[in-house]
Amino acid sequence: MTHRIVIVGGGAGGLELATRLGNSLGKRGKAQITLIDANLTHIWKPLLHEVAAGSLNTSDDELNYLAQAKWNHFEFQLGRMCGLDREAKSVQLEALQDENGNELVASRSISYDSLVIAVGSTTNDFGTPGAKDNCIFLDTRAQAERFHRKLLRHYMRSHAQQDTQQSIKVAIIGAGATGVELSAELHHAARELKAYGFKGIEPEDLRITLVEASPRVLPALPDRIAGPVTATLRRLGVTVLTGSAVSEVTPEGLKLQNGQEIPATIKVWAAGIRAPRFLAGIGGLESNRLNQLMVKPTLQTTLDEDIYALGDCAACALHDNPERFVPPRAQAAHQMASLLAKSFKAKLAGKALPEFRYRDYGSLISLSSFSAVGNLMGNLTGDVMLEGRMARWFYVSLYRLHQAALFGWFRTLLLMASDRLGRSTEPRLKLH
């Protein structure tokens, strides 16, 4: 019987793994590859801040799972994982409903011989009172588009009342990569909206406050990156508050632990991550306090060698520092997918599985059209600091590498040409 490999989660890591395995094992009939995701389309998660600001039109950059499956010799199943039966070796999926709550497909189960869980992460609000009810999160395309619609409604209202000067106050909780990049992208959007004729709100009337509990922005990245980023944000007019933990979120704004209150029309929570709640102890597997599945260096879960985890939902110890885990970053998910593509070939050949060793290739932060900052790390170059146009070029190349992993370089080059042509025929900002 053909070995059944089921991958749950079509994010960067899961989709790349399904594509690689489909083109190797699936194409040759050595394994049956099935990808499961709750959505019909994929968009690269690091782009969601651009979706929120309107700089990116999702219809241009989303990938259809069914088409990708057809082109790359794997099967796609629409569904959301809700349970795991390790004894029967099956994944349970929730019933599918339409927008009116009518059941389209009954709950069902999918059998596997090997299971890969790659469901990513969600924002962690740390149980902060009012955060869930009053903040917008940026975990999905739908949430990012909701933010964009809310922002655009404020501009539409002000445009219709041209005699009234208004302001929009946006508070972003969390000065990690998402919060920082969203701040800059919104400032860029304000300028573009003004250029397209929106009246009543000047660019300086979009007042952005970035709030971070740590002593500085980008706490997970080197100091020398955080410094230029902070300076650029402040030059753009963004109010940066560090060492400022949020104690409560209300409909009117934020309350900080130091007693300060920040009025805000729109609140975005971009601080912290955790794996989805349903993973905690699922099927009796070992998980940590962030709901991540504990895995061995082979990325097999600690209690079941036929179940693997990759990306943000996997707790994998660093090989040179077992007390710390691999950081939840896109490059880690890519490296894990590459390893598992080799692992399944080795498994089917009866060979030992390779072990995962994370390599940090550096970090890049985009400040929209204004700047980019980062560092690249390699055996030949060492640790090189980048700023400006060169850093921006490398930042864009990360997305192109992701596309190349999914489409191959020829189609990626065609997409790049199409994007360049589209700039002359489409508005630079999504206006609907």
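Summary table below
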item	result
Cut-off under 5 Å, modelled amide H: who pairs with residue 95 long-range	107
FRET efficiency, 1/(1 + (r/R0)^6) with R0 41 Å, evaluated for residue 39 and residue 296 via beta carbons	0.85
Amide H contacts of residue 299 (H built 1.01 Å from N, under 5 Å, at least 5 apart or other chain)	356
Förster radius 45 Å - calculated FRET efficiency between residue 149 and residue 305 (Cβ-Cβ, nearest 0.05)	0.45
Spin-label zone in the stretch 237-278 - amide nitrogen under 15 Å from a point set 7 Å from the Cα of residue 133 along the C-beta vector	248-255
Between the stretch 182-260 and the stretch 86-110, the alpha-carbon center distance in angstrom	41 Å
Angle between the chain longest axis and helix 177-195 axis [Cα atoms, degrees, rounded to 10]	50 degrees
Summed side-chain charge close to residue 301 - residues other than residue 301 whose Cβ falls under 13 Å, Lys, Arg +1, Asp, Glu -1	-2
Neighbour-limited loop hits for GluC sites (Glu not before Pro), the stretch 93-141 (at most 11 other Cβ within 10 Å; DSSP other than H, G, I, E, B)	99
Estimated inter-spin distance, residue 250 and residue 369, nm [label 7 Å along Cα→Cβ]	3.8 nm
Contact order relative to length of the chain, as percent, for alpha carbon pairs under 8 angstrom and 6 or more apart	16 percent
Per residue solvent-accessible surface (Å²) - the stretch 1-119, probe of 1.4 Å	43 Å²
Calculated on alpha-carbon atoms, Rg and Dmax of the stretch 35-164 in Å	18.8, 68
Residue list for the stretch 52-84, given a label point 7 angstrom along the Cα-to-Cβ vector of residue 195 and an amide N cut-off under 17 Å	53-57
On Cα atoms only, tilt of 388-407 relative to the major axis of the chain in degrees	30 degrees
Order by protection proxy (mean Cβ within 10 Å, highest first), peptides 287-295, 259-267	287-295, 259-267
Crossing angle, helix 223-235 versus the chain [Cα axis fit, 0-90 degrees, rounded to tens]	40 degrees
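The values are calculated or read from the model by the stated rules, or taken from the named source; none is laboratory data. Source: prediction; values computed, not measured. Counting neighbours? That spans all protein chains shown, and the Cβs are built from the backbone with ideal geometry, glycine included. With ligands, DNA and RNA removed, areas are computed over all heavy atoms of the protein, side chains included. Shrake-Rupley method; radii C 1.70, N 1.55, O 1.52, S 1.80 Å.
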